[in-house]
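A short write-up of the structure that comes next.
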Amino acid sequence: MELDILLITNGLTCLIISAVSIITGSKLVLKYFQNKERVLLLVGIAWILMYEGWWAPSISFILLLITNQGLSIELFFLVALSLGPVSITLWMIAFTDLMDKKKLQKPLIIILVIQIIFFEAFFLYYLFTEPSMLLDIVGIIDAKYKLLIFLFYIEVICLLIITSTIFAWKSFKLDNHAIRLKAKFILIGFILFIIGASLDFFLELDILTMLLYRGLLVISSFTFYFGFFLPKSLKNLLLKEN
């Protein structure tokens, strides 16, 4: 198959997004083994899995280059969406840790686990009986998602907006300027992710918009990481300005 510039741009940007999120998330996980702070492990894995939607186009692009074929619709779904509920569960546990609301964790986990079981059973049923209810493969390496996936995505976005806003609001009330600065980076990381992912998910993309929206996703990974481990030079500069 002849590769056009849009397909190449699509594949390469998905690869870059996936690689950057895996690198930044893995760095947070590695920091857990140094600092023994559970929240670093949770947010690191959650951040990696939140970008799962770009793994399938990345793998399809690599397969296309090697075999001239992409993933099947079943494999595309499993790679792109099967771990989404897990990422949200991990983030919600981390969120209650950060907010010192551990009493909420048990009922919250129960609710989320029930939802995960329902989600996986529901979507796996349609995947192997009528996958067109969930998505259609578009242009070999991409997919067009259907209403059921849209509804799940909207729920995820709402949870991220609510929790990141609460976290930032609580942090901004503290007198510790360093914590407030880190909270700003975490909030910016989530905002950039929500904007970039929503535009990428809901809109038809050309080369320019693809580079713009996915550029936001790449930047979101770095800003989110800075929310936990801000380089000293940048931290001193920003705190000095404040």
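The values are calculated or read from the model by the stated rules, or taken from the named source; none is laboratory data. A quick note: this is a predicted structure, and the numbers were derived from the prediction, not measured. Neighbour counts are summed over all protein chains in view; Cβ atoms, including those assigned to glycine, are modelled from backbone coordinates with ideal geometry.
List every residue pair whose Cβ atoms sit under 8 Å apart, with the two residues 6 or more apart in sequence or on different chains, where the first one lies in the range 147-163 and is within 23 Å of TYR126 (Cβ to Cβ) and the second, anywhere, is outside any helix (DSSP H, G or I).
LEU148/LEU134; ILE149/LEU134; ILE149/LEU135; TYR153/TYR145
Of the residues ILE17, ILE66, ILE23, ILE62, which single one is part of a helix (DSSP H, G or I), in contact with a Lys or Arg (Cβ under 9 Å, 6 or more places away or on another chain) and at pLDDT 90 or above?
Details: ILE66 fails: in contact with a Lys or Arg (Cβ under 9 Å, 6 or more places away or on another chain); ILE23 fails: in contact with a Lys or Arg (Cβ under 9 Å, 6 or more places away or on another chain); ILE62 fails: in contact with a Lys or Arg (Cβ under 9 Å, 6 or more places away or on another chain).
Matching residue, one of ILE17, ILE66, ILE23, ILE62: ILE17.
I want to confirm something. Restricting to the range 68-125 and keeping residues that are surrounded by 15 or more Cβ atoms within 10 Å (Cβ to Cβ) and among the hydroxyl-bearing types (Ser, Thr, Tyr), which single residue is nearest to ILE45 (Cα to Cα)?
SER87
Being modelled with pLDDT of 90 or more, within 24 Å of TYR126 (Cβ to Cβ) and buried (at least 21 other Cβ atoms within 10 Å of the Cβ) is the requirement here; does GLY53 meet it?
Details: modelled with pLDDT of 90 or more: yes; within 24 Å of TYR126 (Cβ to Cβ): yes; buried (at least 21 other Cβ atoms within 10 Å of the Cβ): yes.
Criteria met by GLY53.
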